[in-house]
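Below: the structure, in structure tokens.
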Amino acid sequence: MKNRLLALILSLTATAALALSASAAQTHEVPVTLTVVNTQQRISVTVPASLPVSVVDGVVITATNAAVRNTADEGVVRIAAVEVTDGSLTVGDYDHFEEAPVNTIALRLNGCPTRGAGELVITDEAFPAIEAGDSLALDYDAKVSTVGEPRNETAATVVFTIATAE
């Protein structure tokens, strides 16, 4: 009987020990390893805030200090595309402007003329690659056909697409 009682006590103790170890919480710390891979060059450029055009007594005047600046510490960028969209005036054909209706503007950027609203046909000679720390001057001309009171408005918008030079 003592053996039975001892066996019963031992089995209850073993069962209690198993139950306690099964319900005990455990924590594990797993580190998160972060790897950053930059496969693309960062682009840091400054483009003009505006390309001002003034008409003074019938003479069109444009800025002479407009430029796109590559402000990055390293890397070469290029102007991949230039698009001119209508504003308060309609974008016209620079080379055939004498046929333009009233309220039309036409631009020529670095020798590349507008043919109407849309993307300009640009060349590498007109828009060469820009090294880090360098600038590309924007030589632009405009032709304007408008009537009415003097105004200060967005006649058109120029959209520059900048990319890394490859």
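The values are calculated or read from the model by the stated rules, or taken from the named source; none is laboratory data. Just so you know, these numbers come straight off a predicted model, no measurement behind them. Cβ atoms come from the backbone with ideal geometry, glycine included; neighbour counts cover every protein chain shown. Side chains are part of the model used for accessible areas, which takes the heavy atoms of the whole protein and leaves out ligands, DNA and RNA. Shrake-Rupley method; radii C 1.70, N 1.55, O 1.52, S 1.80 Å.
Looking at the range 55-140, the GluC sites (Glu not before Pro) that sit in a DSSP loop and have at most 13 other Cβ atoms within 10 Å of their own Cβ are Glu74, Glu125.
Computed over protein heavy atoms with a 1.4 Å probe, the accessible surface of the range 39-116 works out to 58 Å² per residue. Between amide H atoms placed 1.01 Å from N, distances below 5 Å from Ile162 occur with Ala80, all of them 5 or more places distant or on a separate chain. Computed extension length for Ile61-Ala80: 4.1 nm, one decimal, from 0.36 nm per residue of separation with the Cα-Cα distance subtracted. Taking amide H as placed 1.01 Å from N in the peptide plane, the amide H of Asp139 sits under 5 Å from that of Asn110, each at least 5 places away or on another chain.
Taking θ as phi - 60° and the Karplus parameters 6.51, -1.76 and 1.60, the scalar couplings of the range 92-97 work out to x, 8, 4, 6, 10, 6 Hz in sequence order, x denoting glycine and proline. Computed with a 1.4 Å probe over protein heavy atoms only, the accessible area of Ser50 comes to about 80 Å².
Apply the Debye scattering formula to the range 42-127, with a single equal point scatterer on each alpha-carbon and no solvent, then give log10 I(q)/I(0) at q = 0.17, 0.24 Å⁻¹. Evaluating at q = 0.17, 0.24 Å⁻¹ gives log10 I(q)/I(0) of -0.82, -1.37. For Ala72, the amide hydrogen comes within under 5 Å of the amide hydrogens of Ser44, Gly133, counting only partners 5 or more places away or on other chains and with H modelled in the peptide plane.
Each Lys and Arg contributes +1 and each Asp and Glu -1, all at the Cβ; summed about the Cα centre of the range 26-105, the dipole is approximately 440 debye. A simple rule links phi to the HN-Hα coupling: the Karplus curve 6.51 cos²θ - 1.76 cosθ + 1.60 with θ = phi - 60°, which for the range 43-57 gives 9, 9, 10, 10, 10, x, 5, 7, 10, x, 10, 10, 10, 10, 6 Hz, with x for Gly and Pro.
Stokes-Einstein diffusion for the range 105-162, with the hydrodynamic radius set to the Kirkwood value over Cα pairs and evaluated at 37 °C in a medium of 0.692 mPa s, equals 244 µm²/s. Sorting Ile162, Ile130 by solvent-accessible area of protein heavy atoms yields Ile162, Ile130, largest first, with a 1.4 Å probe.
Applying the criteria of a DSSP loop state and at most 10 other Cβ atoms within 10 Å to the trypsin sites (Lys or Arg not before Pro) of the range 85-166 yields Arg151.
Residue by residue, the range 102-111 carries 3J(HN,Hα) couplings of 4, 6, 10, 10, 10, 10, 9, 10, 6, x Hz when phi is fed to the Karplus relation 6.51 cos²θ - 1.76 cosθ + 1.60 (θ = phi - 60°); x denotes Gly or Pro.
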